[in-house]
Amino acid sequence: MIDLNEYELKMDKAIDVLKREFTGLRTGRASVSLLDSIFVDSYGSKVPLNQVSNISVPEPRMITVQVWDETLTSIVESTIRNSDLGLNPMLEGNLIRIPIPELSEERRKELVKIASKYSEDCKVSIRNIRRDAMEKIKNEEKNKEISKDESFKISEEVQKITDKLIEKIDHLFTEKEKDILTV
């Protein structure tokens, strides 16, 4: 018998990935999650920035990074500078100030396109999971494990779950688009 929860969990994981990708898109406002993708070489291994420092947002357009170990301060600063985030950190002792520059209209539109691509990729993932579920349902019906009526009912449930999550992706994208385009 097919377990709908298993497929719904897989679909939810795809949406979690989308949310993580969206947090990495810069909106022109400072956010601690903006630095989630930064990993620092620390004592022979790469560790997330938040494990070697305290990250805060004292102003809407400024992030500060208080590095706990002074020997890592310049490494953290250069890692942030060399990341693909386009940030220009300023070093003040073992405190790093990162001003968040204003986004140009062109860059905002580019970010909306990237967010749209992330949304489409997520929808494709969910549709692939739906397809797998539908194939399993058809196989179970063919092997006489479930009746035609059960097959129809379960297929409808899978479709309802899929539709609900596609709608959620559209909502997440609309919110992110609004966030990016707000000056």
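Here, each number is a calculation from the coordinates, and none is a lab measurement. As the structure is a prediction and not an experimental result, all values here were calculated from the model. Methodologically, a virtual Cβ is constructed for each residue, glycine included, from the backbone with ideal geometry; neighbour enumeration extends over all protein chains shown.
Under a Cβ-only charge scheme (Lys and Arg +1, Asp and Glu -1), can you give me the dipole magnitude of the chain about the Cα centre, in debye to the nearest 20? Intermediate values should be presented prior to the final figure.
Values: 30 positive and 35 negative charges, 78 e Å.
Dipole size: approximately 380 debye.
Close amide H contacts of residue 62 (hydrogens built in the peptide plane, cut-off under 5 Å, sequence separation of 5 or more or a different chain): 30, 100. The string of couplings for the stretch 125-131 from the Karplus curve (6.51, -1.76, 1.60, θ = phi - 60°) is 4, 5, 5, 5, 5, 4, 4 Hz, one whole number per residue in order, with x for Gly and Pro.
Please tell me which of these pairs span more than 28 angstrom C-alpha to C-alpha: 46/168; 113/136; 10/109; 10/113; 13/176?
Values: 46/168 34 Å; 113/136 35 Å; 10/109 31 Å; 10/113 25 Å; 13/176 19 Å.
Distance filter (> 28 Å) returns 46/168; 113/136; 10/109.
About the Cα centre, and with charges only on the beta carbon of Lys, Arg (+1) and Asp, Glu (-1), how big is the dipole of the stretch 45-132? Nearest 20 debye, please. Each step should come with its number before you reach the end.
Numbers: 13 positive and 13 negative charges, 127 e Å.
Charge dipole, the stretch 45-132, about its Cα centre: 620 debye, nearest 20.
Principal axis extents of the C-alpha atoms in the chain (largest first, rounded to whole Å): 71, 41, 22.
Rg and Dmax, both from the Cα atoms of the stretch 9-75 and both in Å, are 14.3, 43. Amide H contacts under 5 Å for residue 42: 47, restricted to partners 5 or more places along the chain or on a different chain, H placed in the peptide plane at 1.01 Å from N.
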